Amino acid sequence: MLTSVLLTSCHVGVVGYGTPSHYAQSFDSASNSCRTQPALCARVAGEEIVVPQAAQHLAEFGASATAVAVLLNEKQRTSIEQKLKECANKAREKVLLQYMDGRSPTAAECREEKTFRGRVRTRAMFFGEEMHRVAFECAQLELSALRPGGFSLEPRYRYNKENGQRELISPEKEQALLEEGCYSELSGTIKPDIVIHPGDPLLPQAVYDFKFPCVNTDTVPWCKYKKGPHADRLQNTVYEEALGVEPQAILPWVGVTP
């Protein structure tokens, strides 16, 4: 029973043959931050992606795109992960204060089905969605200050296992497919919570997923896909195969876990 409560906290970013993602709001931080702070960025000729000028200058001196993509040092990684942990803490605190007077729900309360915001679902599902929403708002603010143009929230990727190529699906295209009911077009795609990159989401440097267990615990298993091309595979395994970096989970009070 406890396992089912924990698993409902997983934010599965793949649309299989059923319900689309609960989190409709996506951020393209590279293009957004460059629109507001153009001095930080330079547009690559003939491309729609925007690359921070530091990475652009490295490329001009002969560094390959792959080399640029691995320039995330330990200090940068520590700063990012500390901010994400703070965002996870803030999200759990805020939601539990609003709906539970600050206390953690019991396993029975997590399984309880009620109407939340006009939809019938378990308390665990609702709290997971609410905590993700608060955490995303926090991450957008913190990461925009920490590394403008160098991250994306909820980017959606299509991965071709045969040739190892990955494709970024724009938020506009994703929304259009969902509105048209073309869920099968998104089957097999992945949607991690946060991808750190040098300005191009196709060059991931680090991948993070917020995990918000409903009950109070310091461990949460990665989700296993139930259907679609990734059926019976763990979420973190699929992410690593598609993005080339080992994803990390971010838990409230615990921080980064593999």
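The values are calculated or read from the model by the stated rules, or taken from the named source; none is laboratory data. Predicted model only: the values in this text are computed from it and were never measured. Please note: Cβ atoms are built from the backbone with ideal geometry, for glycine as well, and neighbour counts cover all protein chains shown.
Annotations for the structure displayed:
- Qualifying positions in region 219-258 - touching a Pro at 6+ places or on another chain (Cβ under 9 Å) and of a type in the set (Asp, Glu): Glu240, Glu246
- Comparison of Val120, Val95, Val51 shows that the only residue that is part of a strand (DSSP E or B), at pLDDT 95 or above, out of contact with any Cys (no Cβ under 6 Å at 6 or more places or on another chain) and among the aliphatic types (A, V, I, L, M) is Val120.
- Selection status of Met131, modelled with pLDDT of 95 or more and out of contact with any Lys or Arg (no Cβ under 8 Å at 6 or more places or on another chain): no
- Checked against (1) of a type in the set (Lys, Arg); (2) without any contact (Cβ under 8 Å) to a residue 40 or more places away in the chain; (3) exposed (fewer than 12 other Cβ atoms within 10 Å of the Cβ), Lys161 meets all criteria but (2).
- Whichever residue in region 155-192 is in a loop (DSSP other than H, G, I, E, B) and among the hydroxyl-bearing types (Ser, Thr, Tyr) and, among such residues, is nearest to Lys227 (Cα to Cα): Ser187
- Condition broken by Pro229, with the remaining ones in (1) more than 30 Å from Gly102 (Cβ to Cβ); (2) at pLDDT 95 or above satisfied: (2)
- Yes/no for Glu154 being more than 20 Å from the chain's Cα centre (by Cα) and closer than 21 Å to Glu240 by Cβ: no
- Qualifying residue in region 203-217 (condition: out of contact with any Lys or Arg (no Cβ under 7 Å at 6 or more places or on another chain), charged (D, E, K, R) and surrounded by fewer than 16 Cβ atoms within 10 Å (Cβ to Cβ)): no
- Qualifying residue in region 126-145 (condition: crowded, with 16+ Cβ neighbours inside 10 Å and at positive phi): no
- One residue alone among Val220, Val195 is of a type outside the set (S, T, N, Q), outside any loop (DSSP other than H, G, I, E, B) and in contact (Cβ under 8 Å) with a residue 12 or more places away in the chain, and that residue is Val195.
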